[in-house]
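Below: one structure, written as structure tokens.
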Amino acid sequence: MTTGTTTSVRLTGITKSFLGVPVLRGVDLELRGGEVHAVMGENGAGKSTLLKVLAGVHRPDGGTIEVDGGEVSFAGPSDAQRAGIAIIHQEFTLLPHRSVAENVYLGREPVRRMQVDRRRMVADTRELLDWLGEDGIDPTDPVSSLSVAQRQVVEIVKALSTDARVLGMDEPTAALADHEVELLYDLVRRLRERGIAILYVSHRMREVFDLSDRITVLKDGQFVTCAPTSELTSEDLVRHMVGRDLGEYYPDRGVADDLGPVRLALRGAGNARVRDLNLEVRAGEIVGLAGLQGSGRSAVARAVFGVEPFTRGSMEVDGVARRVTRPRSAVRLGVALVTEDRKGDGLALRQSVRDNTLLVRRAALRGGRARAKSDVPALLDKVAVVARGEHQEVRFLSGGNQQKVVLAKWLAVEPTVLLVDEPTRGIDVGAKRAVHELLRDLAKRGVAVLMISSELPELIGMSDRILVMHDGALAGELPAGASEGAVMALATGHGVGEVP
Amino acid sequence: MSTLQENTLPAKQKATRATVHRRLHPTVIVYLALVALLVVGSVLVGLRGEVLLDQNGILNILTRATALGLVAIGQTMVILTGSLDLSVAYLVGLTSLIAAETMAGQDSMVLPGVLLALAVAAGVGLVNGLIITVLKAHAFIATLGVALILRGYLENNYTGPAGDVPRGFQHLGYDRIGPVPIAALLMLAVAALCWWYLTRTRPGYHMYAVGGDIEVARLSGVRTRRTIITAHVLCSVAAGFAGIYLASRLGSGAPYVGTDAGYDLESIAAVVLGGTLLAGGRGGIAGTIGGVLILATLDTTFDALEVDPFFKDVVRGVVLVTAVALYARRMVANRAHGRLS
């Protein structure tokens with residue numbers, strides 16, 4: 001770690017309100033070059049807003065920002081960039097139709113003789129990609145042809161290309177599969193060695209303890225504490241965040257005797273993405289579906305739900321063979337899908353909490369409209385959504401509350417088969433636990449739950465059985481409480497015995 | 001564990017990339033459609049014992065394409081930026097009047113007439129851009145409002161053609177090299193310049209970015225307001241060129257020369273026909289010129305066949321809807337290929 005080039009950033013007493021609602025209420029934060037500084041907090045604690053203030057996206061209402069001891073004020077993201085601050089946002093900030101290089105240098109294209117110097121742009125991008133060991137990505141590829149993990153790499157390259165000395169990362173692993181998380185860790189550590197200050201916002205306890213040097217905890221927009229990671233335990237952290245003890249516990253599993261009839265069965269089912277699927281999910285159980293990104297685990301859910309239907313084999317719902325070729329048919333059979341992309345596929349962001357909650361019921365079921373409205377409070381209560389009212393637009397809710405609205409939307413039609421894809425992606429500990437309890441509660445009431453997650457502790461903690469996919473097919477089944485190593489072995493195409 | 005992944009992922013990625021690349025570029029499709037149309041048109045006209053692509057036919061197509069082409073080039077810029085301009089048709093009429101009235105038959109006033117017309121056009125574009133970016137009105141409403149204002153001005157002050165273009169300036173509208181009008185070449189030169197601007201310069205890159213996703217562009221440090229305003233100014237200036245050209249052809253300014261030809265919706269149709277996404281972020285000038293030529297060829301063919309106007313409009317409508325439906329299918333297919341489970 002060199003001392004000459006390290007940068008320090010100090011935020012003091014930052015306040016920020018949106019439409020009169022205070023989100024940050026006097027937050028202090030100090031960042032030093034060569035450290036990974038984690039920021040933790042519950043839903044709506046203000047983490048993302050704080051990051052956006054640092055990035056110049058939001059202007060604070062009050063407080064000061066100092067870079068290397070001098071006070072600065074950012075009129076926009078480009079000012080922050082010039083001060084050496086770059087942010088990797090929670091949502092991808094890439095243009096799918098443009099190439100990797102065009103995305104990396106967006107807003108800062110090198111110019112030579114009045115023209116954008118494309119050759120240099122491509123060469124510089126390639127150099128950064130090589131430095132990261134990512135030669136699978138070509139700078140001239142359109143971003144739309146890349147996988148989610150590769151897009152993340154492009155995001156990081158984009159941030160690095162600004163010669164950033166302060167890098168903010170908002171839930172960087174949210175979209176990554178487990179093995180990709182390891183690569184990201186490596187990357188973050190390398191950046192730290194170079195003297196870069198990293199502000200790391202994450203909900204994942206394990207990540208924060210693995211990576212960070214210091215942790216700042218926020219609660220309800222206020223600063224709670226800042227301490228070296230080595231002096232904190234995960235119990236301390238949870239207590240600071242939620243004000244009560246709450247660890248990585250999972251609800252008790254189901255009891256084998258309580259299992260009901262087979263609700264969902266696939267026999268030799270397949271389509272362009274998956275093949276030879278044989279599986280059963282019974283009423284009362286949560287079956288985990290593991291696999292690497294691209295293994296076809298999400299494709300199974302999409303096929304069952306009729307998005308990209310099965311073209312081979314058969315599918316039975318409640319013992320009756322069904323051909324589901326569109327989501328509407330699936331919904332009417334009592335099948336529900338919580339997709340991995342809640343903002344894209346799960347919610348009408350500009351509509352109210354109430355309209356979103358009633359989306360499926362209004363669309364797919366006849367009648368019941370009068371009853372519908374009176375039901376909403378009960379549904380929202382059941383999933384414990386925190387909103388300013390039924391009429392608040394869901395885009396103003398935090399990720400955890402948005403996910404709860406998605407669940408409420410499905411509970412409104414009382415499904416018997418529930419497919420959940422990454423149900424807790426990007427949401428905080430408290431909301432996560434609530435979602436887990438809700439899923440288990442539904443199983444106990446006779447719902448068959450098929451749960452996909454790239455977060456292995458969650459998958460193992462929640463599932464009564466685990467099915468593992470590899471390359472479009474089922475690679476094997478593991479009992480409740482299997483080890484992460486066993487799951488990974490199957491997911492990577494190795495036998496159970498050969499744990500690496 | 002991680003090394004195992006690195007081996008499997010890139011292979012899959014390459015397969016995906018290959019399928020994407022094998023698909024034809026939208027612009028290529030536009031020009032293939034144009035060629036097909038020319039062949040079919042030639043055959044149909046040939047059955048009547050006439051020739052579609054003789055000297056006169058080519059001249060006809062290119063003349064039709066010139067004014068619409070200029071307007072559509074500008075429209076491409078605003079549409080790529082995620083905006084829209086419904087005021088171009090009235091602006092064409094207004095600039096034709098300003099140019100012709102300023103010139104008032106004197107050769108010495110040609111340059112001031114042209115410059116004044118372009119300056120007014122740029123001013124209108126600036127107003128459009130400011131209404132959209134500062135007042136945050138939707139482009140559809142903002143430019144519709146400006147169109148209404150322009151119409152009010154034209155209706156109040158003009159009852160018919162006005163102004164007088166000197167004989168010398170009329171050469172711009174009528175001179176040609178063989179079957180190719182000079183003005184059509186100038187239009188193509190403007191197209192080339194705008195193509196270069198969009199695909200090679202920073203402001204051009206930023207237009208694609210703002211149209212692709214304005215929030216992404218903003219978070220990347222692109223000055224989104226400036227980009228949108230620039231696009232609108234350039235669009236209006238392009239419409240100003242069309243107005244000046246039409247004044248030179250007509251010998252005077254005409255208040256409704258733009259709206260009679262329906263340049264507002266027609267230019268949007270040409271842009272979309274040329275493969276540019278109406279939502280912005282994807283497409284380009286080359287496709288638009290193809291779209292303009294398709295529309296001009298359709299008109300010329302119908303005239304040669306003496307088809308009745310109603311049928312003509314029906315076919316134009318069908319062509320447009322078919323084209324957009326085809327693009328939409330391709331988009332869905334591409335997205336399906338580019339996406340991992």
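The values are calculated or read from the model by the stated rules, or taken from the named source; none is laboratory data. Keep in mind the model is a prediction, meaning the values are calculated, not measured. Ideal geometry is used to build each Cβ from the backbone, glycine not excepted, and the neighbour counts take in all protein chains shown.
Laid out as a table, the results:
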{"read-out": "Tally, over segment A:137-183, of residues that are outside any helix (DSSP H, G or I) and either of a type in the set (Lys, Arg) or within 20 Å of A:SER78 (Cβ to Cβ) (or both)", "value": "10"}
{"read-out": "Criterion (over 30 Å from A:ARG342 (Cα atoms) and of a type in the set (A, V, I, L, M)) met by exactly one of A:ALA164, A:ALA174", "value": "A:ALA164"}
{"read-out": "Residues that are under 22 Å from B:GLY212 (Cα atoms) and aliphatic (A, V, I, L, M), drawn from segment A:62-110", "value": "A:ALA86, A:ILE87, A:ILE88, A:LEU94, A:LEU95, A:VAL100, A:ALA101, A:VAL104, A:LEU106"}
{"read-out": "Residues satisfying the stated conditions in segment A:56-82, i.e. under 19 Å from A:ARG165 (Cα atoms) and in contact with a Gly (Cβ under 6 Å, 6 or more places away or on another chain)", "value": "A:GLY56, A:PHE74, A:GLY76, A:PRO77, A:SER78, A:ASP79, A:ALA80, A:GLN81"}
{"read-out": "Residue match in segment A:85-96 (condition: over 23 Å from A:LEU191 (Cβ atoms), at pLDDT 90 or above, buried (at least 22 other Cβ atoms within 10 Å of the Cβ) and within 11 Å of chain B (Cβ to nearest Cβ))", "value": "yes"}
{"read-out": "Some residue of segment B:264-271 being outside any helix (DSSP H, G or I) and in contact with a helix residue (DSSP H, G or I) (Cβ under 7 Å, 6 or more places away or on another chain)", "value": "no"}
{"read-out": "Residues within segment A:56-84 that are more than 10 Å from chain B (Cβ to nearest Cβ), part of a loop (DSSP other than H, G, I, E, B) and within 20 Å of A:LYS16 (Cβ to Cβ), tallied", "value": "8"}
{"read-out": "Condition check for A:ALA378: surrounded by fewer than 22 Cβ atoms within 10 Å (Cβ to Cβ), closer than 27 Å to A:ARG326 by Cα and hydrophobic (A, V, I, L, M, F, W, C)", "value": "no"}
{"read-out": "Residues being more than 7 Å from chain A (Cβ to nearest Cβ) and either among the charged types (D, E, K, R) or in contact with a Ser or Thr (Cβ under 9 Å, 6 or more places away or on another chain) (or both) - total across segment B:190-205", "value": "4"}
{"read-out": "Hey, B:TYR208 modelled with pLDDT of 95 or more, assigned to a helix (DSSP H, G or I), at the interface with chain A (Cβ under 9 Å from one of its Cβ atoms) and under 19 Å from the mean Cα position of the chain (by Cα) or not", "value": "yes"}
{"read-out": "Residues of segment A:406-434 classified as at positive phi and touching an Asp or Glu at 6+ places or on another chain (Cβ under 9 Å), total", "value": "2"}
{"read-out": "Some residue of segment A:379-393 being in contact with a Gly (Cβ under 9 Å, 6 or more places away or on another chain), part of a helix (DSSP H, G or I) and in the same structural domain as A:ALA431 (by TED's automatic domain parsing)", "value": "no"}
{"read-out": "Any hit, segment A:420-432, residues being within 14 Å of another protein chain (Cβ to nearest Cβ) and crowded, with 17+ Cβ neighbours inside 10 Å", "value": "yes"}
{"read-out": "Qualifying position, being touching a Pro at 6+ places or on another chain (Cβ under 9 Å), under 23 Å from B:ALA139 (Cα atoms), away from every other protein chain (no Cβ under 14 Å) and at pLDDT below 95, among B:GLY274, B:GLY258, B:GLY281", "value": "B:GLY274"}
{"read-out": "Criterion (touching a residue at least 24 places away in the same chain (Cβ under 8 Å), farther than 25 Å from B:THR276 by Cα and over 22 Å from the mean Cα position of the chain (by Cα)) met by exactly one of A:GLY41, A:GLY62, A:GLY107, A:GLY133", "value": "A:GLY62"}
{"read-out": "Breaking point among (1) facing chain B (nearest Cβ under 10 Å); (2) crowded, with 23+ Cβ neighbours inside 10 Å; (3) hydrophobic (A, V, I, L, M, F, W, C), for A:VAL154", "value": "(1)"}
{"read-out": "B:ILE131 being buried (at least 19 other Cβ atoms within 10 Å of the Cβ), free of Cβ contacts under 8 Å to residues at least 40 places away in the same chain and part of a helix (DSSP H, G or I)", "value": "yes"}
{"read-out": "Sole residue being assigned to a strand (DSSP E or B) and within 14 Å of chain B (Cβ to nearest Cβ), chosen from A:ALA489, A:ALA475", "value": "A:ALA475"}
{"read-out": "Single residue of A:GLY260, A:GLY284, A:GLY313 found to be at pLDDT below 95, surrounded by fewer than 23 Cβ atoms within 10 Å (Cβ to Cβ), away from every other protein chain (no Cβ under 13 Å) and not in a strand (DSSP E or B)", "value": "A:GLY260"}
{"read-out": "Identity of the residue in segment A:163-185, touching a Gly at 6+ places or on another chain (Cβ under 8 Å) and charged (D, E, K, R), that ends up modelled with the lowest pLDDT", "value": "A:ASP163"}
{"read-out": "Selection count where residues are away from chain A (no Cβ under 14 Å) and either touching a Leu at 6+ places or on another chain (Cβ under 9 Å) or of a type in the set (Phe, Trp, Tyr) (or both), scope segment B:219-234", "value": "4"}
{"read-out": "Residues satisfying the stated conditions in segment B:172-184, i.e. exposed (fewer than 14 other Cβ atoms within 10 Å of the Cβ) and either touching a Phe, Trp or Tyr at 6+ places or on another chain (Cβ under 9 Å) or free of Cβ contacts under 8 Å to residues at least 60 places away in the same chain (or both)", "value": "B:ASP175, B:ILE177"}
{"read-out": "Failed condition for A:THR216, given (1) among the polar types (S, T, N, Q); (2) more than 19 Å from the chain's Cα centre (by Cα); (3) farther than 20 Å from B:ALA209 by Cα; (4) within 11 Å of chain B (Cβ to nearest Cβ)", "value": "(4)"}
